[in-house]
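Chemist: For reference, the structure I am asking about is given below.
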Amino acid sequence: MCGLTGLLSRTASAADIAATIQSMTSSLHHRGPDGEGIWAEEGIALGHRRLAIIDLSDAGAQPMLSECGRYVIVFNGEIYNHTELRDELAASGMSPDWRGHSDTETLLAGIARWGLSKTLLRASGMFALAVWDRKTRRLQLARDRMGEKPLYWGWCGPDFAFCSELKALRRHPGCPKEICRQALAQYLRFAYVPAPRSIHPGIYKLEPGCILTIDGLPPARPPGTPLRPGEAHGTLSIQRYWSLDEVAETGYRDQFTDEREALEELEARLKAAVTSQMVADVPLGAFLSGGIDSSLIVALMQSQSNRPVRSFTVGFETQAFNEAPHAAAVARHLGTEHTEVLVTEKEAQDVIPRLPDLYDEPFADSSQIPTYLVCQAARAHVTVALSGDAGDELFGGYNRYFWIPRIWSRLNWMPHRGRRALGALLLGLPVPAWDTLGSLLPGSLSVMRPGDKAHKLARRLREVRNEDDLYRSLVSEWQGVELLKGAGDAPASILDDPIPTVLGDDPVSRMMFQDKRTYLPDDILCKVDRAAMGVSLETRVPFLDPGVIRTAARLPLNMKIRNDQGKWALRQVLYRHVPRELIERPKAGFGIPVGEWLIGPLKPWADELLSERSLSRDGLIDPAPVTKAWAEHLSGRRDWTNSLWIVLMFMAWRDHLDFAK
């Protein structure tokens, strides 16, 4: 786990390139506190910050040249099966004279033997990397299958640059400081900036499972629209080496029919993934929330370890958000060496000023705060931590997978005009009136804040024509263009890409597929990467092992969701290791009471950022809807926490960007 930078210049002198890449690379010290390396020759420079995990010697240092001297690589991540790749090279008689036992050296040898795409298809791991071919003057950038590791690329003046985090690009004097309106519209809608855009024009994110290639000199300027896989812009092209669509189609055509076979295969794949990801030359542990996903990962770790596994959780003063007792109970049963860090509300709030620098772009998943805190707690003891991320997307864990079909089954008989009329009717009854009606319901039927939920449902009823529309509405907060001054139509996103035809009749599988290609890489994995790298901690995600992904794709929906309960298959495997009663409880999520903080200790901070003066200064955001939502939130009439947090994180980032100039 490291940080990488690179610069391909049409005009800069060797001295200027070296000075710029040195500055860019030093900005990523937190991603790699164990060493720094710079390599340059005419027109090209590569930089690397190292967090040493495998082969702690200088033989693992980067940038690294291949034995033949033709290829140079900078690499961020881990290749878990790299010893098997070495065996394959040996069997073909193509092993180099190994200098050490790092996975970086293995990658280089594979690239020299098989080429980049074939090497990456053989590799099981997480990575972002750049390879320079000194013979052909070809640059290739690549990102792992599901997007665990970040990779930004784009134009800084006439230079083509790339890096792990945007803060490195901002060290280049030509880095654009303007805000991309299309990216901002998408951020306001989704609470993150989805690939391939970044918040700056001319700077992009490489999509997961892709290779970007530049043959010769880079184009002098960016393309007019973000480049997608299969497209080219001058000497620059992007191609997929791995396709989530193909995995979904193959899995659908080879679905399990026998539950016992499915569960045995799933446990075997998960055990193999966990085993491969427990290899490190530094201390290793795992996050443990006490939920299904993290409990299963820790259980499989402990079942294959001859010593207690180090497990970590954070506890909070607010008991409604405190999962620590559940994690402790699972840890006691498994016999892990468990560390629980109790965090005060003040300590959690103190993280907020750090968020703009940690994430570099506006990012508004408020669970970024506890994620950072648990990473910080773990880093005091270990350098690597396994996590249970991606279980929800692969195995059907989100409430929307149950909620949307249930709502739609009660509404699909009604024509669109009728749903719009019903939405208007629901909005016509004020929120306090709905709350009064809700208070009259018996306890078994009561819900929290019924008026707020009724109005949110009403707004969505006015927009949706089918279950896919309802899904998009549910994963959206602001529509984006409704807050932007002078905005036109909402920009297209990956959500608009075609979905594999085999999923066409299954709305829940379509939702899960959309989450895997958008929400997972651009929210969940981004959140964890930046929080962990902010404290120089490597995180690993066994659920994203290629074999586990393929196995999950073979599970029919009724082995993922059954009796309105998600992750059925994972639960069955977990019950072999942990008693059911330690796991079965309402899903709480990794949340904190941000909405309460906004009307309490964070109110002065929020008042300033949400003032009409602040909102109006760039001429980008219309203050009126934000001011209205803030007043309603403060009055207690509505809960606008998520919508307001999105605006607050943008405004805080905007202030930070001004400071960083």
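Chemist: Can you compute the FRET efficiency between Asp622 and Asp658 using 1/(1 + (r/R0)^6), with r the Cβ-Cβ distance and R0 = 25 Å? Round to the nearest 0.05.
Modeler: Details: r = 21 Å, r/R0 = 0.83.
For Asp622 and Asp658, the calculated efficiency is 0.75.
Chemist: I would also like to ask the following. Any idea what the dipole of the stretch 147-253 comes to, in debye rounded to 20, about its Cα centre with Lys/Arg Cβ at +1 and Asp/Glu Cβ at -1?
Modeler: It comes to approximately 460 debye.
Chemist: Say each of Gln572 and Gln304 gets a label point 7 Å from the Cα, pointing the same way as Cα to Cβ; how far apart are those two points in nm?
Modeler: 2.1
Chemist: Once the piece of chain linking Arg253 and Ala59 is laid out straight, how much longer is it, given 0.36 nm per residue of separation minus the C-alpha distance between them?
Modeler: Gain on stretching Arg253 to Ala59: 65.3 nm.
Chemist: A follow-up question, please. Just subtract the alpha-carbon distance of Ser635 and Ser611 from 0.36 nm times their residue separation and send over the number in nm, one decimal.
Modeler: Values: separation 24, 0.36 × 24 = 8.64 nm, distance 1.65 nm.
Contour length minus the Cα-Cα distance gives 7.0 nm.
Chemist: Let me ask you something else. Given a Förster distance of 41 angstrom, what is the FRET efficiency for Arg260 paired with Asp357, based on the Cβ-Cβ distance and rounded to 0.05?
Modeler: Numbers: r = 50 Å, r/R0 = 1.23.
Computed FRET efficiency for Arg260 and Asp357 comes out at 0.25.
Chemist: If I compute Cα Rg over 2.2 N^0.38 Å from the structure I just sent, which labelled value in [x] 0.95; [y] 1.30; [z] 1.02 lines up?
Modeler: Only one listed value fits the structure, namely [x].
Chemist: A further question on this structure: Per residue, how many Å² of accessible area does the stretch 502-575 show with a 1.4 Å probe?
Modeler: 24
Chemist: To continue, here is another question. In the stretch 321-367, what percent of the accessible surface is made up of carbon and sulfur (1.4 Å probe, ligands and nucleic acids excluded)?
Modeler: Working: 1000 of 1940 Å².
About 51 percent, which is the carbon plus sulfur part of the accessible surface.
Chemist: Let me ask another. Just the C-alpha atoms of the stretch 602-643: what Rg/Rh do they give, with Rh taken as the Kirkwood radius? Can you show the working numbers first?
Modeler: Numbers: Rg = 10.3 Å, Rh = 10.7 Å.
Rounded to two decimals, Rg/Rh equals 0.96.
Chemist: So, with a 1.4 angstrom probe, what is the percent of accessible area on the stretch 126-209 that is carbon and sulfur?
Modeler: The nonpolar share, carbon plus sulfur, comes to 48 percent.
Chemist: Please state the charge dipole magnitude for the chain, taken about the Cα centre, from unit charges on C-beta atoms (+1 on K and R, -1 on D and E), reported in debye and rounded to the nearest 20.
Modeler: The dipole magnitude comes to about 1180 debye.
Chemist: Shifting gears a bit: What is the packing order of peptides 277-283, 26-32, taking the mean over residues of other C-beta atoms within 10 Å and listing the highest first? Write down the numbers at each step before the final one.
Modeler: Details: 277-283: 16.7, 26-32: 20.6.
Going from most to least packed, we get 26-32, 277-283.
Chemist: While we're here: Can you tell me the accessible area per residue over the stretch 64-212, all protein chains present, probe 1.4 angstrom, in square angstrom?
Modeler: Computed with neighbouring chains in place, this is 29 Å² per residue.
Chemist: Next question, about the same structure. Provide the packing ranking of 606-616, 378-388, i.e. peptides ordered by the mean count of other C-beta atoms within 10 Å per residue, highest first.
Modeler: 378-388, 606-616
Chemist: Here's something else I'd like to know. A 19 angstrom limit on the alpha carbon distance is what I want to check against. Which of Lys485/Lys603; Lys177/Lys205; Lys167/Lys205; Lys167/Lys527; Lys516/Lys560; Lys167/Lys346 exceed it?
Modeler: Numbers: Lys485/Lys603 26 Å; Lys177/Lys205 16 Å; Lys167/Lys205 14 Å; Lys167/Lys527 16 Å; Lys516/Lys560 15 Å; Lys167/Lys346 28 Å.
Too far apart for the 19 Å limit: Lys485/Lys603; Lys167/Lys346.
Chemist: Roughly how big is the stretch 184-300's charge dipole about its Cα centre, with Cβ charges of +1 (Lys, Arg) and -1 (Asp, Glu), in debye to the nearest 20?
Modeler: Using Cβ point charges on Lys, Arg, Asp and Glu, the stretch 184-300 gives about 800 debye.
Chemist: Which order do the peptides 565-576, 233-244, 163-174 come out in when sorted by mean C-beta neighbours inside 10 angstrom, highest first? Present the calculation step by step, with values, prior to reporting the outcome.
Modeler: Numbers: 565-576: 20.0, 233-244: 17.0, 163-174: 22.3.
Order by mean packing, descending: 163-174, 565-576, 233-244.
Chemist: I want to check the label-to-label distance for Phe402 and Lys603. Put each point 7 Å from Cα in the C-beta direction and report it in nm to one decimal.
Modeler: Reported label-point gap for Phe402 and Lys603 is 3.7 nm.
Chemist: While we're here: Take Asp87, project a point 7 Å from its Cα along the Cβ direction, then tell me which residues of the stretch 246-287 have their backbone nitrogen under 16 Å from it.
Modeler: Only 272-273, 275-277, 279 fall inside the zone, counting backbone N under 16 Å.
Chemist: Further, regarding this structure: What is the spin-label model distance, in nm, from Thr275 to Arg70 if the labels are put 7 Å beyond Cα along the C-beta direction?
Modeler: 3.5
Chemist: Given the convex hull over the Cα atoms of the stretch 173-277, what projected area results after averaging over all orientations, in nm²?
Modeler: Over every viewing direction, the Cα hull of the stretch 173-277 projects on average to 10.9 nm².
The values are calculated or read from the model by the stated rules, or taken from the named source; none is laboratory data. As the structure is a prediction and not an experimental result, all values here were calculated from the model. With ideal geometry, Cβ positions are generated from the backbone for all residues, glycine too; neighbour counts draw on all protein chains shown. Quick note on the areas: whole protein, heavy atoms, side chains included, nothing else; ligands and nucleic acids left out. Shrake-Rupley method; radii C 1.70, N 1.55, O 1.52, S 1.80 Å.
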